[in-house]
Amino acid sequence: MSGSPSLPWGSSTAGWNSPDPTYDLTRLTADVTRLLTPSMPVSARMETLRRATIYASRDRAVAASLLQALEKKAEANKADANALFDAGFLTEAYRQASRVYAWDMLAGREKEQWTMRTEPAGNGARLIDAAVALNTPQAPEMRKARQLLR
């Protein structure tokens, strides 16, 4: 992800669940949609969406707003591989995030704050497959990302 902008993050040594405590969650949807530019590499998209998922896990309304925004963009732009990938990857990131709670990976306040407790209804893998099928220059990296979901 070197050189690509992403969401702010806390200490890189604190582990996977270390969002910046000063980040304003109400800006998440706007920030993510602004960051996901057509030129952003797939690896940077994945990291931005991973961070967004962890931020969104603290507020159901924010999580729903972000997913809805990316799904709407994908629906309106079925020939845009990035839009399809973004909606698909976020859906699958939310699915994995729901398992964090189910598998009891958090404790205390962190567990109380984690609102992603059920899997999303959508099929993100299908959207990523559709993005790969468009055979854009990003398709090989999107294919690798898709393989991580298996």
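The values are calculated or read from the model by the stated rules, or taken from the named source; none is laboratory data. Worth saying up front: this structure is predicted, and the values here are computed from it rather than measured. Surface areas here come from the heavy atoms of the whole protein model, side chains and all, with no ligands, DNA or RNA. Shrake-Rupley method; radii C 1.70, N 1.55, O 1.52, S 1.80 Å.
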key: Probe 1.4 Å, accessible area per residue of the chain, Å²   = 53 Å²
message = Report the per residue volume, in Å³, of the convex hull enclosing the C-alpha atoms of region 1-133.
response = 106 Å³
message = Using only the Cα atoms of region 63-150, what are the Rg and Dmax in Å?
response = 14.3, 45
key: Length-normalised contact order for region 32-150 - Cα pairs under 8 Å, 6+ apart - percent   = 27 percent
note = Of the convex hull enclosing the alpha-carbon atoms of region 27-81, the direction-averaged projected area in nm² is 3.6 nm²
task = Pop out the carbon and sulfur fraction of the accessible area of region 83-150 as a percent, whole number, probe 1.4 Å.
result = 50 percent
ask   = Across region 65-78, in residue order, what do the Karplus-derived ³J(HN,Hα) couplings come to in whole Hz, using 6.51 cos²θ - 1.76 cosθ + 1.60 with θ = phi - 60° and x for Gly and Pro?
value = 4, 5, 4, 4, 5, 6, 5, 4, 5, 5, 5, 7, 9, 5
